[in-house]
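The values are calculated or read from the model by the stated rules, or taken from the named source; none is laboratory data. All values derive from a computational prediction rather than experimental measurement. Heads up, the Cβs are rebuilt from the backbone with ideal geometry, glycines too, and the neighbour counts pull from every protein chain shown. Side chains included, ligands, DNA and RNA excluded: accessible areas come from the protein's heavy atoms. Shrake-Rupley method; radii C 1.70, N 1.55, O 1.52, S 1.80 Å.
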Amino acid sequence: SAAGPRPGRPRRLPALLLLPLLGGCLGLVGAARRPNVLLLLTDDQDAELGGMTPLKKTKALIGEKGMTFSSAYVPSALCCPSRASILTGKYPHNHHVVNNTLEGNCSSKAWQKIQEPYTFPAILKSVCGYQTFFAGKYLNEYGAPDAGGLEHIPLGWSYWYALEKNSKYYNYTLSINGKARKHGENYSVDYLTDVLANLSLDFLDYKSNSEPFFMMISTPAPHSPWTAAPQYQKAFQNVIAPRNKNFNIHGTNKHWLIRQAKTPMTNSSIRFLDDAFRRRWQTLLSVDDLVEKLVKRLDSTGELDNTYIFYTSDNGYHTGQFSLPIDKRQLYEFDIKVPLLVRGPGIKPNQTSKMLVSNIDLGPTILDLAGYDLNKTQMDGMSLLPILKGDRNLTWRSDVLVEYQGEGRNVTDPTCPSLSPGVSQCFPDCVCEDAYNNTYACVRTLSSLWNLQYCEFDDQEVFVEVYNITADPDQITNIAKSIDPELLGKMNYRLMMLQSCSGPTCRTPGVFDPGYRFDLRLMFNSHGSVRTRRFSKHPL
């Protein structure tokens, strides 16, 4: 079997580490049959540009059997910060993973010491008594020598099958419970998506039946290098990237990084992104097979009716929007909005929720399902369980935070000598996708009255972008200079509050939540950006 040898005994967390966590799930032991949880995480799968289209089985087996969230966002449109948010339930400014490098805290020793012991899988295992299983891509720098190598197994995992560093499909190394195993390029035994499926199916065969389980399966698809399984390499031959309204147009009134893209794109860039789009879809067909296999096995073993299945992605992706050929990292819907499908006990089929949710909600939701007292965590997210159970008297948030810290090499890219120092991620025809001052924070607002996005860049421009998503879903027109100043001030204030929030304060009512009146006095600075000088909140 591609899964290899059976794992050893589950590892135990140090006793001192458990002291602040004890008491949450212990009251449930013996009182009820606690549910199993399966979290399926893809890599770079968008929600806005048809990313779910190839996944017919997944939509039928998860979405149609449960709930699809139409407004699911990530707190940072980049792999490592987003994955850290999933694991910790925290915004990036609280877990301090800012990019995909060790210097950016991605799988660093500091991350391992400060954050890993308090991830939701660690709580599930140590306090709630769950068997925990991980297979696939963990964090981008996992396995690096300066991060402890492949011998490092994060606290909280009973069974560990983690990919060394970033997504690949062949010629990779896995940490098999701390021991390295290299894979080659033989499809029948090495194709990573299928290997993850086999590892997962084997776990379902050899796991203990006396304890509930949590599985997290993190596939490489549809991340580059977009290597499809042989049987799918000719799929979607007539498909091209969507030519929506923001495709191949100049980013007028946008941050300098968007303005520098070449418009119209060259034919070579368009051929490149169309090919990438097709190949991304092709890789997802194997993910669809993985989902089908797992659901069938859960059904055949009698576990399906007691298992919650979550399907989501770590960030979105763009292919030609505002003339940016391919990548993520930007503040727009195509990069920050992701699929989220959930099925499980008590969730009615064929539901769609418009509630504003974030991947920081996954950890609190899964702990809530396990019976853990969420008051004992410092997570920023909220449990989705009331939404999943159909609570009609639910008061929900109206805004979430999106934040990103840009990267740059501080040297001119030799392949693109016309670009300024400090840029990185240069793709075909010298289009820059990131730079050190591509650093921004946004508040994404969704309520009965408002569907808005407000963003500020941390650079010399003090640049502000504001979009009315209802009137302008493609985010073409920046209305920062024309929007009602009071509304602008409310969004500015809420952004400042979210950027400094931690734990419960991230869940306090926002300026658009019902039941409150907000009084503001505003002042403009020389750049035209609004700053709130006096602010008060009163319950109605």
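Details
- Members of the stretch 359-384 that are of a type in the set (Asp, Glu) and in contact with a Cys (Cβ under 7 Å, 6 or more places away or on another chain): ASP380
- Within the stretch 431-466, considering residues that are closer than 23 Å to ALA72 by Cα and among the small types (Gly, Ala, Ser), the one least open to solvent (accessible area, probe 1.4 Å): ALA441
- Flag if LEU324 is of a type in the set (A, V, I, L, M), more than 18 Å from the chain's Cα centre (by Cα) and open to solvent by 10 Å² or more (accessible area, probe 1.4 Å): no
- Residue in the stretch 258-267 that is touching a Gly at 6+ places or on another chain (Cβ under 6 Å) and either under 30 Å from PHE322 (Cα atoms) or at pLDDT 95 or above (or both) present: yes
- Residue that is surrounded by the most Cβ atoms within 10 Å (Cβ to Cβ), among those in the stretch 473-488 that are polar (S, T, N, Q) and more than 25 Å from the chain's Cα centre (by Cα): ASN478
- The requirement of being polar (S, T, N, Q) and not in a loop (DSSP other than H, G, I, E, B) is satisfied by GLN231.
- Set GLY422, GLY363: member being among the small types (Gly, Ala, Ser), modelled with pLDDT under 95 and open to solvent by less than 10 Å² (accessible area, probe 1.4 Å): GLY422
- Close pairs (6 angstrom Cβ cut-off, 6 or more residues apart or separate chains): over 19 Å from THR58 (Cβ atoms) in the stretch 328-353, of a type in the set (Ser, Thr, Tyr) anywhere: LYS328/TYR317; LEU331/TYR440; ILE336/TYR73
- Candidates MET491, MET497: the one that is assigned to a helix (DSSP H, G or I), at pLDDT 90 or above and open to solvent by 30 Å² or more (accessible area, probe 1.4 Å) is MET497.
- Taking residues in the stretch 254-267 that are touching a residue at least 24 places away in the same chain (Cβ under 8 Å), and partners anywhere that are surrounded by fewer than 20 Cβ atoms within 10 Å (Cβ to Cβ) and β-branched (Val, Ile, Thr), the pairs with Cβ atoms closer than 8 Å and at least 6 places apart or on different chains are THR263/ILE249.
- Candidates in the stretch 199-219 are the residues that are assigned to a loop (DSSP other than H, G, I, E, B) and touching a Gly at 6+ places or on another chain (Cβ under 7 Å); of these, the one that is least open to solvent (accessible area, probe 1.4 Å) is THR219.
- Checking VAL295, VAL239 one by one, the residue that is out of contact with any strand residue (DSSP E or B) (no Cβ under 6 Å at 6 or more places or on another chain), assigned to a helix (DSSP H, G or I), open to solvent by less than 60 Å² (accessible area, probe 1.4 Å) and of a type in the set (A, V, I, L, M) is VAL295 and no other.
- Subset of the stretch 193-242 that is of a type in the set (Gly, Ala, Ser) and either in contact with a His (Cβ under 6 Å, 6 or more places away or on another chain) or at pLDDT below 95 (or both) - its residue that is nearest to LYS296 (Cα to Cα): SER208
- Residue ranges of strands (runs of 3 or more DSSP E) in the stretch 338-408 with at least 2 members touching a Pro at 6+ places or on another chain (Cβ under 9 Å) and not acidic (Asp, Glu): 399-404
- Which numbered condition ILE469 fails, given (1) under 22 Å from the mean Cα position of the chain (by Cα); (2) among the aliphatic types (A, V, I, L, M); (3) open to solvent by 70 Å² or more (accessible area, probe 1.4 Å): (3)
- With respect to (1) open to solvent by less than 10 Å² (accessible area, probe 1.4 Å); (2) over 26 Å from ALA122 (Cα atoms), the lone exception for SER300 is condition (1).
- Here the strands (runs of 3 or more DSSP E) wholly within the stretch 108-198 that include at least 1 residues being crowded, with 19+ Cβ neighbours inside 10 Å, among the hydroxyl-bearing types (Ser, Thr, Tyr) and touching a helix residue (DSSP H, G or I) at 6+ places or on another chain (Cβ under 9 Å) are 131-137, 159-163, 173-176.
- Failed criterion for ALA77 (all others in (1) farther than 22 Å from ALA47 by Cα; (2) hydrophobic (A, V, I, L, M, F, W, C); (3) not in a helix (DSSP H, G or I) hold): (1)
- Within the stretch 172-215, the only residue that satisfies the criterion of being under 26 Å from ALA144 (Cα atoms), of a type in the set (A, V, I, L, M, F, W, C) and out of contact with any strand residue (DSSP E or B) (no Cβ under 9 Å at 6 or more places or on another chain) is VAL189.
- Looking across the stretch 189-242, the residues that are among the polar types (S, T, N, Q) and farther than 22 Å from THR312 by Cβ come down to ASN198, SER208, ASN209, SER210, THR227, GLN231, GLN233, GLN237, ASN238.
- Subset tally (residues that are of a type in the set (A, V, I, L, M) and either over 14 Å from THR377 (Cα atoms) or over 21 Å from the mean Cα position of the chain (by Cα) (or both)) for the stretch 115-130: 1
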